[in-house]
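Take a look at the structure below.
Rule-based calculations on the coordinates, nothing more; no lab input. Please read all numbers here as calculations on a predicted model, not as lab measurements. Note: ideal-geometry Cβ built from the backbone for every residue, glycine included; neighbour counts use all protein chains shown.
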Amino acid sequence: LLNLHTVVLDNAMKADLLPFSFPVSALFVSSGDLYLYSKYLDGLNEALTNGFTPILYGDISFDIETKFRVISGDRIVKVLVNHFNVMKSKDNRLNIGKIKVVFGSNVDGLYDKDPEIESAKLIERITHTEISHLIEIAGESAGTDVTGGMKGKLIEIKKISDLGSEVQIVNIMKQDRMYNALIDQPDIRTVIKPM
């Protein structure tokens, strides 16, 4: 994870995004699988207000029940979306507009079945209510995935969508896919529309 984090920071520097790394263990505390909270997000607000780009990533953090827990990037994003929605309604110093979440993956998006199967079809658009069906039929991802596999990711995506944010899944192994998602250019991806 640290190697990937360093690569992201280096590329953000090259793009003049003024990256500022925030350690997850200093920001978040969990209480089991379902509850993740933070009282320490003022630093993110200040970074954004001053033109910096906060960089966070999944990592180990303190847990009230088990003393420590792996906190996935998916769970972190949900907390951040909720935080910025609250900020927008209270004091929009940051000029927060519509919040869109883009997840990078090694596949083109969500499929109607395992993308390794030849007949699998990419789901280009899906509604908030339709994702519940995918959660029911989703299996765990191949291999050991401490963050909950694809089913866990879909559950977190639905929670983000519950907060009113559009979610997109793009293949970051393909050049320009992430960039096109960020600037709303047409490309191959899955778009999950909020409720």
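Comparing mean-square fluctuations of E116, E46, E124 from a GNM of the chain with C-alpha springs under 10 Å, the top value falls on E116. Once both labels are positioned 7 Å from their Cα atoms along Cα-to-Cβ, the gap between K14 and D114 label points is 3.6 nm. Take the alpha carbon atoms of region 171-188, find their center, do the same for region 1-66, and report the distance between the two centers in whole angstrom. About 23 Å separates the Cα centre of region 171-188 from the one of region 1-66. Spin-label pair E124-H5: with each label point 7 Å from Cα along the Cα-Cβ axis, the two points sit 3.8 nm from one another. Scattering from the chain was approximated by placing one identical point on each alpha carbon and applying the Debye formula without solvent; log10 I(q)/I(0) at 0.08, 0.10, 0.12, 0.14 1/Å stands at -0.27, -0.43, -0.64, -0.90. Modelled spin labels at T49 and M173, positioned 7 Å past Cα toward Cβ, are 4.2 nm from each other.
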